[in-house]
Structures are given as C-alpha cells and as structure tokens.
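Taking it in order: structure first as structure tokens, then the write-up.
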Amino acid sequence: MKHIKFFDTTLRDGEQTPRVNLNAKEKLRIAKQLENLGVDIIEAGFAAASPGDFEAIKLISENIKKSTVTSLARAVKKDIEIAVEALKNADKPRIHTFIATSPIHREFKLKMSKEEIILRVKEMVAYAKSFIDDIEFSAEDAFRTEKEYLVEVFNAAIEAGATTLNVPDTVGYRTPAEVYKTIKYLKENIKGVDKVDLSIHCHDDLGLSVANSIAAIQAGATQIECTINGIGERAGNTSLEEVVMIIKTRKDIFDGYMTNIDAKQIYPTSKLVSLLTGVTTQPNKAIVGTNAFSHESGIHQHGVLANPETYEIIRPETVGRNTDSLVLGKLSGKHAFIQKLEILGLHISENKIEDLFNEFKKLADKKKYVLDEDIIALVAGDAAQIEGRKIILEHFEISRKAGQKPKAEINLLIDGEKVYKEAFGDGPVDAAYKAINSALNDDFTLEEYKLESITGDTDAQAQAVVFINKNGKRYMGRGQSTDVVEAGLKAYINGLNRLYKENN
Ligand code: KIV
Ligand code: ZN
C-alpha cells in the first residue's frame with residue numbers, strides 16, 4: 001500500500017488566518033484532536049516567531065505521543081536552535097526548515113544569489129540534522145522557481161540529510177496539470193528522491209489547492225500539507241477533509257493508497273477548529289459545511305429516501321456527522337456523556353470530566369436536545385477559559401422601559417473585588433459592554449463583534465466572538481450561551497482577560 005502522510009499545519013499556516021490567535025491551551029486542545037484524527041505530522045507553530053508560539057510547541061511536544069510534532073524554522077541558526085529547544089520533549093520531533101528559491105524572492109526579499117541559497121540550504125539542513133534526525137526542507141515559492149534550479153536545491157537538501165522535501169505553491173498560482181508535471185519532473189530528477197518523502201503544500205488563491213494536491217499525489221507525492229477547514233493565509237490552504245475524502249471515496253482511482261486518517265473524526269475536528277478560531281465554514285463547504293448533506297429539492301429527497309446513493313456519494317456518518325444514536329438531554333447521566341465524548345474523539349482528562357459534566361447539565365436544563373455540536377462547543381469553551389482571570393461575571397440583568405434604551409446592570413469580580421455598574425446602550429449588548437467599560441475605565445476599543453448560532457434550533461447556543469484592540473494589538477474573545485446577551489458578555493470578558501493576562 002502507498003501510505004499518503006497527512007501533515008497538518010492548522011496551528012501554523014492555519015493560524016496565519018487574519019485575526020486568528022490561539023493561546024497554548026487552545027492549541028493543545030486542537031493538537032490532541034488532530035492526533036485522534038490520525039494526522040501523521042502536526043506543525044505546532046513557528047517557535048522563533050513569538051514566545052507564545054514557542055510555549056505552545058513545547059506544550060504540544062510534551063503531550064502528543066503518536067503524531068510527529070514539528071516547528072517551522074527559517075534556514076538560519078537561531079531559528080533552528082529555538083525550534084530544537086521547543087521540541088526537546090517531543091517523542092517524535094521534526095524540524096521544518098525553509099528558504100525561498102524563486103527569482104522574485106531571491107531578488108527582492110532575500111537579495112541572495114542562487115549559489116548563496118544552495119550553500120545556505122546545505123549548511124542549515126546539516127545544522128538541523130545535528131540535533132534531530134527527521135528534517136523537512138521546503139523551497140518556498142517552489143512552483144515559481146526554475147525547475148532545473150529547484151532540482152539542485154533539493155539535491156543539496158537530501159545530501160545534507162533532509163528526509164522530506166516539500167514543494168509549496170506558496171501563492172496558489174498553479175493548475176493541476178502543471179503541478180502534476182512539476183512533481184513528476186522532480187521525481188525523475190532529484191537524486192535519492194525515492195528514499196525521502198516528497199510533499200505538496202498548496203494555497204487556495206485560485207481555488208485549486210485541493211485539486212493541485214490530488215494531482216501531486218497522482219504524480220508521486222507521498223505527503224500532503226493541509227489545514228482543517230482549509231484555513232490559512234489569504235484564501236487559505238488545502239482542506240484536509242476534502243483530500244481525505246477524495247482518496248477514500250474514489251477508491252477506483254486511489255486503489256492501493258492508504259492514510260492513517262480516521263474519517264469519523266473529521267466533523268468533530270472541523271467544528272472544534274471553527275469554534276476555537278472563530279472562523280466558521282461557509283454552509284456549502286464540501287464535507288463539513290452545514291448544507292453538505294442537506295437535500296432541498298423534492299426530487300432529491302425522494303431519491304435519497306429510496307436509496308441514499310442516488311444523490312449522496314458519502315454517508316454523513318462516515319465523516320462523523322449525525323451520530324444521533326446517542327442523543328443527550330437532561331435525563332442523560334455521566335456515563336452517556338462520557339460515551340458521547342468518546343464517540344466524538346474528545347479525550348478529556350479525568351479531573352476535567354466533572355466540570356464539563358456540570359456544564360452539560362446546566363445546558364441540558366435550557367435545551368431540549370444537547371447535540372454533538374453543543375458538546376464540542378462545551379469542550380472548546382473549556383479550552384478557551386483563561387487561567388487566573390482578572391474579571392469574573394457574577395450576575396447581569398437587562399431591562400427596558402417603553403420608549404427608553406435598554407439598561408444593563410452588571411455585577412463583576414475584578415481582581416477579587418465586587419463591582420456593580422449600570423449603563424444604557426443602543427441594544428442590550430451595547431449597554432452591557434458600556435457597563436463593563438465604565439468598571440474598567442481603560443483605553444481599549446472593541447473592533448468587531450459577531451454572533452453565530454452553533455446549532456440550528458430555536459433553543460440553540462450562540463457563539464459570540466469579539467476582537468478588542470489595545471495599543472495596536474488585537475485580542476480575541478469567545479463566549480457561548482443559549483442567551484445571546486450572555487454569550488456576548490462572556491466573549492467580551494474572555495477577550496479582556498486575555499488582554500490583561502498579557503499586559504499585567
Ligand atoms: O506557503 C509556503 O510556502 C509555506 C512554507 C513556509 C512551507 O508555508
Ligand atoms: Zn503556506
């Protein structure tokens with residue numbers, strides 16, 4: 001069997017999605033889910049980029065056992081040393097080092113000649129290899145690099161000890177036929193290429209990242225770099241779930257190929273990532289979008305009832321959707337709750353189960369059915385909690401007299417001190433935020449507030465996401481509740497707690 005390895009970069013390239021900013025605890029939650037999903041390599045971040053990235057890679061390295069954990073590093077000594085330090089407790093560490101190779105990057109960004117780049121590749125791959133055996137080398141903007149030169153660069157990387165060669169379409173420029181041709185050319189011309197993994201890394205600027213990744217597999221690539229829900233810089237990266245399901249669904253084409261991915265974990269992972277990053281998927285997104293398995297027209301519904309295969313090429317259960325055989329409600333006990341967590345692949349430590357179960361009970365009192373999405377949201381909400389919170393919401397009330405603006409009365413604990421504030425606003429959330437602002441009397445600004453329903457029912461939980469700006473730095477906050485004002489308040493307080501945690 002040909003093993004196609006999945007290299008997930010949700011926590012590195014995915015986190016480069018504008019505005020997304022995850023803390024170490026949230027990244028660990030996602031990493032655990034990626035491991036459950038069966039991802040072969042988790043790119044946990046870019047250790048030299050920030051202390052936050054370093055801390056997250058270290059935490060993930062200490063906790064992930066099955067998947068390889070990697071950190072990105074520019075082809076410079078300092079970056080490699082920081083990556084090595086962050087990965088030092090990983091069971092299976094990998095250094096992922098890169099340098100750009102295309103003419104435009106050589107001339108305008110690096111101001112380096114072809115020869116200088118080759119020398120740097122040799123030195124830095126060998127340097128990384130002196131610490132860790134598993135070395136991936138990426139030629140940034142490879143698909144706009146002269147193909148003969150690209151072969152020289154990759155030859156140098158292999159000679160210096162690289163075990164994976166990654167070919168990125170950094171700007172999402174190529175078409176499937178071109179990708180196929182280039183990968184075939186590299187397979188035929190790099191010395192020793194069959195002893196290493198040849199990897200593809202695509203961006204979605206022209207909407208071709210998945211098609212290009214598939215073309216690369218057909219030309220002989222053995223590793224796919226991708227993100228959950230396709231999140232990433234600009235138009236994003238290759239969607240893991242789409243590539244996996246193409247390989248699994250089109251067995252006629254991918255006969256003899258295998259992956260380590262457990263497809264049933266796709267939907268829970270997608271939901272967890274979208275809740276924690278605040279980046280929702282469009283309804284018609286393949287595999288994971290709300291409508292991906294909905295049949296609207298009568299003709300289609302009739303066909304599906306007679307035989308699902310008339311209009312469905314994938315059963316929703318295959319990707320972990322509609323696991324409704326175990327519907328939870330207020331009478332469900334802890335045993336059923338734990339079983340549901342297991343079905344969703346959400347491995348929770350013993351000491352957390354009790355807290356989560358209490359949260360579940362509170363939710364079940366408000367909602368008739370607690371759906372899979374609600375359970376995933378509870379776990380995401382727990383990962384988003386800031387330890388040592390400065391501000392705690394004790395109680396709030398919203399009232400509105402006829403002809404008047406809504407009034408919010410808020411009881412907070414700020415650094416352990418009880419504070420009561422009231423304010424009027426254009427709407428209940430506005431009033432509540434004004435009350436909090438007056439309690440804090442600080443100069444931050446709310447840049448964005450958005451509200452989304454987690455499930456589609458009328459008693460659905462809403463997730464509010466806010467972005468707060470202080471001194472040019474953005475802090476994201478998230479909150480969820482069946483009460484939309486409470487969701488908004490929780491999100492605001494969560495964002496402010498992140499802000500104060502970093503600034504105190
Ligand atoms: O898109 C890209 O070129 C990258 C590399 C750093 C692998 O993300
Ligand atoms: Zn990239």
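Laboratory data are not the source of any read-out in this text; all were calculated from the coordinates shown. Just so it is clear, the model here is predicted, and its values are computed rather than measured. FYI the Cβ positions are ideal-geometry reconstructions off the backbone, even for glycines, and counts take in every protein chain you see.
Output the Kirkwood hydrodynamic radius of the stretch 324-384, Cα pairs only, in Å rounded to one decimal. Could the numbers behind the result be given before it?
On the way: mean 1/r = 0.0877 Å⁻¹.
One over the average 1/r among Cα pairs gives 11.4 Å for the stretch 324-384.
Treating only the Cβ of Lys, Arg, Asp and Glu as charged (+1, +1, -1, -1), what charge dipole size does the chain show about its Cα centre? Round to the nearest 20 debye. Write out the running numbers ahead of the final one.
Working: 67 positive and 75 negative charges, 69 e Å.
I would put it at about 340 debye.
For the stretch 85-170, what is the Kirkwood hydrodynamic radius in Å, using each pair of distinct C-alpha atoms? Before the final figure, lay out the partial values.
Working: mean 1/r = 0.0768 Å⁻¹.
This gives a value of 13.0 Å.
By how many degrees, 0 to 90 and rounded to 10, does the Cα axis of helix 350-366 deviate from the longest principal axis of the chain? The answer is roughly 50 degrees.
Among GLU225, GLU409, the ranking by other beta carbons within 10 Å of each residue's beta carbon, starting with the fewest, stands as GLU409, GLU225.
At R0 = 51 Å, how high is the FRET efficiency between GLU116 and LYS184 if r is their beta carbon distance? Nearest 0.05 is fine. Can you show the working numbers first?
Numbers: r = 29 Å, r/R0 = 0.57.
It comes out at approximately 0.95.
Students often get this wrong: which residues of the stretch 141-168 have the backbone nitrogen under 11 Å from the point 7 angstrom along Cα-to-C-beta of GLU107? No residues fall inside that zone.
Applying D = kT/(6 pi eta Rh) to the chain, where Rh is the Kirkwood radius over alpha-carbon pairs, T corresponds to 10 °C and eta to 1.306 mPa s, the Stokes-Einstein value obtained is 65 µm²/s.
Think of each Lys and Arg Cβ as +1 and each Asp and Glu Cβ as -1; about the Cα centre, that makes the dipole of the stretch 2-277 roughly 300 debye. Computed over the chain, the per-residue total of -39500 (n - 2.57) for DSSP H runs of n ≥ 4 gives a 222 nm mean residue ellipticity of -12500 deg cm²/dmol, rounded to 500.
Kindly state, to the nearest 0.05, the FRET efficiency for LYS88 paired with GLU397, given R0 = 45 Å and r defined as their beta-carbon distance. Mind showing how you got there, number by number?
Details: r = 51 Å, r/R0 = 1.14.
The pair LYS88/GLU397 has a calculated efficiency of 0.30.
From the alpha carbon centroid of the stretch 207-235 to that of the stretch 293-337 is 28 Å.
Of GLU373, GLU146, how do they rank once you tally other Cβ atoms within 10 Å and put the fewest first?
Details: GLU373 22, GLU146 12.
Sorted ascending by nearby Cβ count, the order is GLU146, GLU373.
Give the peptides 309-318, 160-169 in descending order of average Cβ contacts within 10 Å, highest first.
On the way: 309-318: 13.9, 160-169: 22.9.
In descending order of packing, they fall as 160-169, 309-318.
For the chain, the longest principal axis of the alpha carbon atoms and the long axis of helix 266-277 meet at an angle near 70°. Using only the alpha-carbon atoms, how far is helix 372-384 inclined from the longest principal axis of the chain? Give it as 0 to 90 degrees, nearest 10. Roughly 90 degrees, rounded to the nearest 10.
The Rg/Rh ratio of the stretch 233-298, with Rg taken over Cα atoms and Rh as the Kirkwood radius over Cα pairs, comes to 1.01.
With N residues in the stretch 144-185, what two-decimal value do you get for its Cα radius of gyration over 2.2 N^0.38 Å? Show your work: numbers first, answer last.
Numbers: Rg = 11.1 Å, N = 42, 2.2 N^0.38 = 9.1 Å.
Dividing the Cα Rg of the stretch 144-185 by 2.2 N^0.38 Å gives 1.22.
The stretch 402-428 and the stretch 21-57 have Cα centres spaced 37 Å apart. Going by neighbour counts of Cβ atoms within 10 Å, the residues SER453, SER349 line up, fewest first, as SER349, SER453.
Computed from the mean reciprocal separation of all distinct C-alpha pairs, what Kirkwood hydrodynamic radius does the stretch 35-107 have, in Å?
Taking every pair of different Cα atoms in the stretch 35-107, averaging 1/r and inverting gives 12.5 Å.
Computed on the chain, with alpha-carbon pairs under 8 angstrom and 6+ residues apart, the relative contact order is 11 percent.
Pairs from the table (LYS111/LYS470; LYS66/LYS271; LYS88/LYS191) lying more than 28 angstrom apart at Cα are LYS111/LYS470; LYS88/LYS191.
Can you tell me the convex hull volume per residue for the stretch 415-504, based on C-alpha atoms, in Å³ to the nearest whole number? Could the numbers behind the result be given before it?
Values: hull volume 9.5 nm³, N = 90.
Residue-normalised Cα hull volume stands at 106 Å³.
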